[in-house]
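Structure, as C-alpha cells:
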Amino acid sequence: MFAMVTQLIVSGVATGFIYGLTAIEYTLIWNSCGLLNFAHTKTIMFSAYLFVGTFLAIMANAYLPAVICTIICIALFGVLIALIIFIPLRNFTRLIAVMATVMLGTVLNEGAVLIWGSAPMSAGGFLDGRVEIGGVVTSLANIYIIVISVLVTIGLRLFMKKTKPGRAMICVAQDKVAASLMGVEVKRSMALSVAISFAICGLLGCLCAPLFRVQQTMVDMVGLKGFAAGVIGGFGNTTGAIAGGLLLGVVENLACMVVPSMYKDVIAFTLLILFLLVKPNGLISVKKD
Amino acid sequence: MTESKYTGSENILEVRGLTKRFGGLVAVDNVDMTVKKREIHSLIGPNGAGKTTTLSMINGTLNPSEGTILFDGEDISARSTDQVAKMGMGRTFQNIKLFSTLTVIENIMLGGFCNYTKGGLLRFLINFRESSRYEHEMREKAEALADFVGVYAMKDKVVSDLPYGRQKMTELGRALMLDPKLILLDEPAAGLNPTERAEFIDIMMKVYDGGTDLMLIEHNMDVVMNISNMITVLSFGRKIAEGAPKEIQKNPEVIKAYLGSEYKPVI
Amino acid sequence: MKNLRTSKAISIAAVLIVALIVPQLGFNDYIMTIFVQGLLYSIIVLGLNFITGMTGQMNLGNAAVFGLGAYTAALSTTKLGISPWLAMILVALMGWLIGLVLGYPSLRVKGVYLTLTTIAFNEIVRLCLQNMEWTGGVGGVRSIPRFHIFGFLINTPVRNYYFILIILVFVIFITYRIIHSKYGRAFIAVRDNVDAVETCGIKLSRIKVQAFTLSTIYGAIAGGLYASFMGYVSPTTFTMNLSMSFAVMLIIGGRCSIAGCIIGAFVISFAPELLRFLGTYYQFTYALIIMLALIFNPNGLVALGPKIKHLFVKIFHKAEA
C-alpha cells in the first residue's frame with residue numbers, strides 16, 4: 001500500500017512537472033505579449049515529431065545532440081512566429097489573437113501530418129527502463145523529467161533575476177510603455193520570451209516522447225492541464241506554475257485510487273473551475289496593483 | 001422635468017461621515033456634505049483630494065468604508081450603481097466613458113434602459129407591440145435630448161468619430177435620458193475650448209432650470225464661481241471648507257490648500 | 001435612407017429565394033447534409049454572437065452546450081419515449097439551465113479566466129458524456145426518432161433542410177429584434193465600456209447572464225435539432241475543436257452581424273468541400289488561410305463588402321478622370 005502510494009506520488013510529481021513546465025512556457029508568452037498561446041500543445045507535439053522523426057533518425061540514436069538540435073530548431077521557429085504573428089497580434093482584440101494562435105496550432109498539426117505522416121511513432125529506446133530507489137519502482141523517464149524540470153526552473157529563475165535580458169523581460173511583463181521609456185527594446189524582449197517559451201516546448205516534446213505515443217493528439221490533455229496548472233498556481237508567475245502543476249499532478253494521480261481512472265481528467269478541470277471560483281488568484285498570487 | 005418628481009426630504013443629497021480606505025490609505029476621511037434641492041453644488045480641491053472617489057461612492061461604484069449617503073431622503077449607502085441610477089442619479093465621467101462602437105443616438109438611448117420597460121427579455125420578445133412602442137418612445141426622447149445637447153446633426157455617427165466636445169455633450173445627453181433628479185458631473189469643462197465651455201455651461205443651466213439639481217467636480221474656477229451657489233472644498237480627503245463662492249474665495253484654509261502655507265493673500 | 005431599406009429588402013428576398021431553391025438544384029444527399037449542417041451551425045453562431053461577439057466575453061465551451069442539447073433530445077426521446085417536439089422544450093429548458101448554472105459563476109471570472117472556465121466546462125461535459133453508462137459511453141445514442149409535422153416525417157436531408165430553414169428564419173427574426181433593441185445595445189455597451197454600463201441603470205450581472213443564457217439556449221436548440229437530424233449522437237463530436245470552429249465561424253463571417261454569422265457558418269461548413277481538390281494538403285491550407293484571414297481581416301467577410309465597393313468606386317472614378 002505504502003509502496004503504491006509513493007509510486008503514485010512519484011509519477012504524479014513527474015507529470016506535475018510536465019504540467020508546470022507547460023504552464024511556465026505559456027506564462028512567458030502571456031507575460032510578454034499578453035497573449036494566450038493555444039498553439040503550445042501543437043508546438044510540443046511538433047517538437048516530439050521533430051525529435052523522433054527527424055533528428056533521432058538522422059543521428060542514429062545519439063540522444064543528447066538530437067535533443068539539443070530539436071530545442072534550437074524550435075526556438076528559432078519561435079523567433080520567426082514571434083516576428084510574424086505574436087508581436088503584430090498583441091494589438092488585436094483578445095478573441096482574434098486567441099483564435100489566430102489556435103489556427104497556428106492547426107497549421108502545425110497538419111504540417112506534422114504532411115511531413116511525418118499520420119502513423120504514430122515511438123521514441124524507441126530513449127529514456128527507456130526502470131529504476132528502483134528504496135523499494136519504489138519508477139520509470140527512468142520520470143526521474144529524468146523531475147531532474148531536468150528542476151534544473152530548467154532554477155535556470156530560468158536565475159536568468160530572469162540575474163541577467164540583463166531576463167530583467168528586461170520582467171520589465172516588459174509589468175509595463176511595456178515604461179519599459180520602452182527605460183530603453184528596453186520591447187519587441188526584441190518579446191521575441192526572446194517567445195523563443196525561450198518555444199525552447200521549453202521543444203524540451204517538453206522530447207520529454208513527452210517516451211511517455212506517450214508520438215501522434216497528433218499526444219499532448220492535447222497536457223496542454224489543457226497546463227492552463228489549469230497555471231490558474232491553480234496563480235496566473236502569470238513561474239513559481240506558481242510549478243506549484244500548481246505539482247498539486248494537479250499529484251492530486252489526479254492519487255485520486256485514481258478513489259475514482260475510476262477515466263474520470264482522472266474530469267478531476268483536473270473541476271479543480272480548475274473550483275480554483276477560479278474560490279481562489280481566482282491561485283496559490284501564489286502576483287503582486288500587482 | 002418638473003418639480004413634482006421630488007419626494008422625501010428637502011435635501012437631495014446628504015452625506016454623513018463618509019470614509020474610504022484603500023488598504024492603509026485613507027482617500028476620503030469623514031466627509032459631511034449636504035446638497036439642498038435647487039442647488040448647483042461644486043466639489044473642488046487640489047489633485048488627489050478624493051473628489052472622484054467621493055463621487056464614485058455617492059453613485060455606488062465604490063462601497064464606502066464608513067458613513068451614510070441619503071439620496072432624496074433614502075439611504076443608498078449599500079445600493080449598487082444601477083439601483084442608484086434607477087432612482088434618478090445620473091453621472092458623467094472625467095475621461096469620457098461612452099460606448100465607442102455605437103452611434104450617438106444609441107448611446108443616448110442606452111441611458112434610458114430602465115425607464116422604458118415592463119418585465120424582462122421574455123416579455124419583450126413575446127409582446128411585440130408593446131416593445132416596439134417603448135423602443136419608439138425611447139428613440140423620440142433620445143432624439144429630443146440629442147437636439148437639446150446639440151448633437152442631433154450627427155446622431156447616426158459612430159460616437160468615437162465625434163470631436164471631444166461633442167462626445168462630452170453626448171455623455172451628458174445619456175445621463176439626462178434617466179430623467180435624473182441629480183446629475184453628478186466629473187470635470188465637465190475639462191478639455192473644452194472656451195466656446196464649447198460656454199455652450200456646456202449654457203446647457204447645464206438649462207438642465208438646472210428644467211428642475212434637475214447638479215453637483216460637479218471642477219478645476220476651472222471661472223465655471224465654479226459663476227454657476228455654483230454652494231461649494232465644498234476637499235483637501236487630502238478631508239472637508240476643509242463649505243460655503244457660498246464669495247466666502248470660499250476668501251477662506252484662508254482654501255487658499256493654503258491650493259497655494260501652500262507661505263502664500264499670504266493680499267486683501 | 002428609404003433607398004437603403006428597399007435594397008436591403010430586395011437582398012433579403014433574393015437570399016431567401018436562393019435558400020428555397022437550393023434543394024431543387026439536384027445536389028446529392030451528402031451535399032444537402034452539409035447544407036443542413038450550415039443551417040444548424042448558423043443557429044449556434046447567432047447565439048455565440050450574443051456573448052462572444054457583442055458582449056465580448058470569450059466563450060469556448062459552446063460545443064458542450066451543443067452536445068448537452070443533442071443528448072437531452074436523444075436521451076429523452078429514446079429512454080423516456082417522449083415526442084421530439086416535447087423534447088425540444090426540454091432542450092430549450094436545458095439551454096436556459098446551462099446559461100444560469102454557468103453564467104452566474106462566470107460573472108466572477110473575467111477575460112482569460114472565463115475562456116479557461118468554458119474550456120474546462122467543455123472538457124468536463126465531453127468526458128462525462130463519453131464515460132457515463134446511461135449516456136451510452138463512447139458509442140453514444142442511436143436511433144433517435146425524427147420529427148413529424150402533420151403526419152409528414154422529416155427524414156431526408158432535403159426535408160430536414162426545409163424544416164431547419166424555417167426554424168432558422170424564425171431564429172433570425174428573434175435575433176434581429178434583440179440586436180436592434182435596447183438589449184442588443186446593452187450587450188455591446190458591456191463590451192465597449194464596462195464602467196459606464198451601470199450608470200445607465202443597467203444591472204451588469206443581469207445583462208451578462210442574459211447574453212450568456214441566450215447563447216446557451218440557441219446552442220442547445222441547435223443540438224436538439226442536430227440529434228434528430230443525424231439520428232444518432234456520439235460524444236466525440238463535441239470536442240473543444242468544434243467550439244473553436246464556432247468561434248472561427250463567428251470571426252470569419254463578421255461579429256455583431258447576422259449576415260456575418262450565417263456566412264461564417266456556411267463558409268466553414270463548406271470549406272472541406274471547396275478545398276477538396278488540394279488532396280492531402282487540404283487541412284494544412286485551410287488552417288493557414290483561416291489564420292491569415294484572422295490576422296489580416298479581423299472584422300470578417302462582412303467587412304470586405306464595403307471595402308470592395310469602395311475599391312470599385314475608386315477604380316470607376318479613375319477611369320472617368
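The values are calculated or read from the model by the stated rules, or taken from the named source; none is laboratory data. It should be emphasised that the depicted structure is a prediction, and the values quoted were computed from it without experimental measurement. Here the Cβ is made from the backbone with ideal geometry for all residues, glycine too, and neighbour counts use every protein chain on show.
Select from the stretch C:197-206 the residues that are at negative phi and touching a Leu at 6+ places or on another chain (Cβ under 7 Å) and list them in ascending order.
Matches in the stretch C:197-206: C:VAL197, C:GLU198, C:CYS200, C:SER205.
When the stretch B:73-97 is examined, which residues are found to be in a loop (DSSP other than H, G, I, E, B), over 27 Å from B:ALA189 (Cα atoms) and either in contact (Cβ under 8 Å) with a residue 60 or more places away in the chain or away from chain C (no Cβ under 14 Å) (or both)?
Within the stretch B:73-97, B:GLY73, B:SER77, B:ALA78 qualify.
Looking at B:ASP179, B:ASP161 in this structure, which one is under 30 Å from B:LEU70 (Cβ atoms), at pLDDT below 95 and not basic (Lys, Arg)?
Just one listed residue meets the conditions, B:ASP179.
May I ask you to verify whether B:ARG123 is among the basic types (Lys, Arg), outside the structural domain of B:LYS206 (by TED's automatic domain parsing) and either at pLDDT below 90 or in contact with a Cys (Cβ under 6 Å, 6 or more places away or on another chain) (or both)?
Here the answer is yes, as B:ARG123 does meet what is asked.
Considering each of C:ARG126, C:ARG185, C:ARG191, C:ARG159 in turn, give the residue that is in contact with a Gly (Cβ under 6 Å, 6 or more places away or on another chain) and part of a helix (DSSP H, G or I).
After applying the criteria, what remains is C:ARG191.
Wholly within the stretch A:189-289, which helices (runs of 4 or more DSSP H) include no fewer than the required count, namely at least 1 residues that are of a type in the set (Phe, Trp, Tyr)?
So the answer is A:220-233, A:264-278.
Out of all the residues in the stretch B:199-258, which are of a type in the set (Gly, Ala, Ser) and in contact with a Pro (Cβ under 8 Å, 6 or more places away or on another chain)?
Selection gives B:SER228, B:SER235, B:ALA257.
What's the total number of residues in the stretch B:98-109 that are at the interface with chain C (Cβ under 7 Å from one of its Cβ atoms), within 16 Å of the chain's Cα centre (by Cα) and in a helix (DSSP H, G or I)?
Residues flagged as at the interface with chain C (Cβ under 7 Å from one of its Cβ atoms), within 16 Å of the chain's Cα centre (by Cα) and in a helix (DSSP H, G or I) within the stretch B:98-109 amount to 0.
Being over 14 Å from the mean Cα position of the chain (by Cα), assigned by TED's automatic domain parsing to the domain that holds B:THR53 and farther than 28 Å from C:GLY201 by Cα, is that true of even one residue in the stretch B:184-191?
No, the stretch B:184-191 contains no residue that is over 14 Å from the mean Cα position of the chain (by Cα), assigned by TED's automatic domain parsing to the domain that holds B:THR53 and farther than 28 Å from C:GLY201 by Cα.
Let me spell it out: the conditions are (1) surrounded by 21 or more Cβ atoms within 10 Å (Cβ to Cβ); (2) hydrophobic (A, V, I, L, M, F, W, C); (3) touching a Gly at 6+ places or on another chain (Cβ under 8 Å); (4) not assigned by TED's automatic domain parsing to the domain that holds B:GLY210, and B:ALA49 meets all of them except one. Which number is the exception?
All conditions are met except number (4).
Given the conditions (1) free of Cβ contacts under 8 Å to residues at least 40 places away in the same chain; (2) within 14 Å of chain C (Cβ to nearest Cβ), report the number of the one that B:ALA189 does not fulfil.
It is condition (2) that B:ALA189 fails.
Would you mention how many residues in the stretch A:58-92 are more than 10 Å from every other protein chain (Cβ to nearest Cβ), within 17 Å of A:SER32 (Cβ to Cβ) and not in a helix (DSSP H, G or I)?
2
Only one of these conditions is not met by B:THR61: (1) without any contact (Cβ under 8 Å) to a residue 24 or more places away in the chain; (2) within 30 Å of B:VAL158 (Cβ to Cβ); (3) in a helix (DSSP H, G or I). Which number is it?
Just one mismatch for B:THR61, condition (3).
Does the stretch C:102-133 hold any residues that are surrounded by fewer than 16 Cβ atoms within 10 Å (Cβ to Cβ) and closer than 16 Å to C:GLN57 by Cα, and which are they?
Those that are surrounded by fewer than 16 Cβ atoms within 10 Å (Cβ to Cβ) and closer than 16 Å to C:GLN57 by Cα: C:TYR104, C:PRO105, C:LEU107, C:ARG108, C:LYS110, C:GLY111.
Within the group A:ALA48, A:ALA3, which residue is at negative phi and either crowded, with 24+ Cβ neighbours inside 10 Å or not in a helix (DSSP H, G or I) (or both)?
Selected residue: A:ALA48, the only one of A:ALA48, A:ALA3 that is at negative phi and either crowded, with 24+ Cβ neighbours inside 10 Å or not in a helix (DSSP H, G or I) (or both).
Go over the candidates C:LEU107, C:LEU80 one by one and state the one that is over 21 Å from the mean Cα position of the chain (by Cα) and within 11 Å of chain A (Cβ to nearest Cβ).
C:LEU107
Can you name every residue in the stretch C:150-204 that is away from chain B (no Cβ under 14 Å) and small (Gly, Ala, Ser)?
Hit for the stretch C:150-204 is C:GLY151, nothing else.
Does A:PHE126 fit the bill of being part of a helix (DSSP H, G or I), over 22 Å from C:MET58 (Cβ atoms) and away from every other protein chain (no Cβ under 14 Å)?
Taking the combined requirement at face value, the residue does not satisfy it.
Could you say which residue among B:ASN107, B:ASN127 is surrounded by fewer than 19 Cβ atoms within 10 Å (Cβ to Cβ) and not aliphatic (A, V, I, L, M)?
Exactly one of B:ASN107, B:ASN127 is surrounded by fewer than 19 Cβ atoms within 10 Å (Cβ to Cβ) and not aliphatic (A, V, I, L, M), namely B:ASN127.
Go through the residues of the stretch C:89-100 one by one and say whether even a single one is in contact with a helix residue (DSSP H, G or I) (Cβ under 7 Å, 6 or more places away or on another chain), surrounded by fewer than 16 Cβ atoms within 10 Å (Cβ to Cβ) and within 14 Å of chain A (Cβ to nearest Cβ).
Checked the stretch C:89-100: no residue is in contact with a helix residue (DSSP H, G or I) (Cβ under 7 Å, 6 or more places away or on another chain), surrounded by fewer than 16 Cβ atoms within 10 Å (Cβ to Cβ) and within 14 Å of chain A (Cβ to nearest Cβ).
Name the residues in the stretch A:246-267 that are touching a residue at least 40 places away in the same chain (Cβ under 8 Å) and within 11 Å of chain C (Cβ to nearest Cβ), would you?
Result: A:ASP265, single match.
Got a sec? Which of B:GLU199, B:GLU247 is in contact with a Gly (Cβ under 9 Å, 6 or more places away or on another chain), surrounded by fewer than 21 Cβ atoms within 10 Å (Cβ to Cβ) and without any contact (Cβ under 8 Å) to a residue 60 or more places away in the chain?
Unique residue meeting the criteria: B:GLU199.
Without any contact (Cβ under 8 Å) to a residue 40 or more places away in the chain, within 14 Å of another protein chain (Cβ to nearest Cβ), within 24 Å of C:ALA287 (Cα to Cα) and buried (at least 21 other Cβ atoms within 10 Å of the Cβ), is that true of A:LEU95?
When the stated conditions are applied, A:LEU95 passes them.
Of everything in the stretch A:217-249, what is buried (at least 19 other Cβ atoms within 10 Å of the Cβ), more than 12 Å from the chain's Cα centre (by Cα) and under 26 Å from A:SER122 (Cα atoms)? Give them in sequence order.
A:MET218, A:GLY249
Under the condition of being within 13 Å of chain C (Cβ to nearest Cβ) and modelled with pLDDT of 90 or more, which residue from the stretch A:31-45 is farthest from A:SER118 (Cα to Cα)?
A:ASN37
Which numbered condition in (1) touching a helix residue (DSSP H, G or I) at 6+ places or on another chain (Cβ under 7 Å); (2) surrounded by 21 or more Cβ atoms within 10 Å (Cβ to Cβ); (3) in a helix (DSSP H, G or I) is the only one that A:LEU114 fails?
(2)
Check every one of the helices (runs of 4 or more DSSP H) wholly within the stretch C:205-316 and list those with 1 or more residues that are more than 14 Å from chain A (Cβ to nearest Cβ) and touching a Phe, Trp or Tyr at 6+ places or on another chain (Cβ under 7 Å).
C:258-274
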